[in-house]
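Undergrad: Following this message is one structure expressed as structure tokens.
All of the numbers you see were taken from the coordinates with simple rules; none came from a lab. This one's a predicted model, so the numbers in the text were calculated from it and none came from an experiment. Virtual Cβ from ideal backbone geometry, glycine too; neighbours counted across all protein chains shown.
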Amino acid sequence: MRLFVAALVLTAASARAAALSAEVRFLPGPVNGLLVGREVVLYGDAENRVPKASHALFTHARRDVVWAGHRLVEAGAKAVVPQAERGLFDQPEAFWWGYESARFHDFTQ
């Protein structure tokens with residue numbers, strides 16, 4: 001066990017994170033994001049550091065991710081979403097109505 005811990009410490013100490021391209025800026029926060037170039041944001045900017053974006057890229061419709069990017073979309077950024085989850089972005093209330101109905105009124109469970 002001690003050997004494993006020592007190897008883990010040495011590995012962690014010698015490992016270095018790859019540097020980001022000069023065109024990419026990491027946006028740490030409750031939901032991390034990336035600013036690509038000057039106006040494309042991946043996931044959003046929960047801390048409001050990006051004043052304007054042309055596009056907000058979402059990889060999925062998780063509420064925390066959508067929350068972090070909704071301000072950019074409301075300000076005019078085009079939301080880019082996965083085709084398979086488009087309905088979750090366009091009509092989120094339909095998901096929640098269906099979830100409530102299936103969750104609490106499904107007597108076949």
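Undergrad: Taking the Cβ of residue 85 as the center, what net charge do the other residues with Cβ under 13 Å away carry, scoring Lys and Arg +1 and Asp and Glu -1?
TA: Net of charged neighbours comes to +2.
Undergrad: Which order do peptides 54-64, 77-87, 34-44, 18-28 fall in by mean Cβ count within 10 Å, highest first?
TA: Output ranking for 54-64, 77-87, 34-44, 18-28: 34-44, 54-64, 77-87, 18-28.
Undergrad: Work out how much length residue 60 to residue 25 would gain on full extension: take 0.36 nm times their residue separation and subtract the Cα-Cα distance, in nm to one decimal.
TA: Full extension from residue 60 to residue 25 adds 10.5 nm.
Undergrad: Under a Cβ-Cβ cut-off of 13 Å, what is the net charge of the residues other than residue 23 that fall near it, where Lys and Arg count +1 and Asp and Glu count -1?
TA: Summing Lys and Arg as +1 and Asp and Glu as -1 gives +1.
Undergrad: At each listed q (0.27 Å⁻¹), what is the log10 of I(q)/I(0) that the Debye formula gives for the range 19-105 modelled as equal alpha-carbon point scatterers?
TA: -1.32
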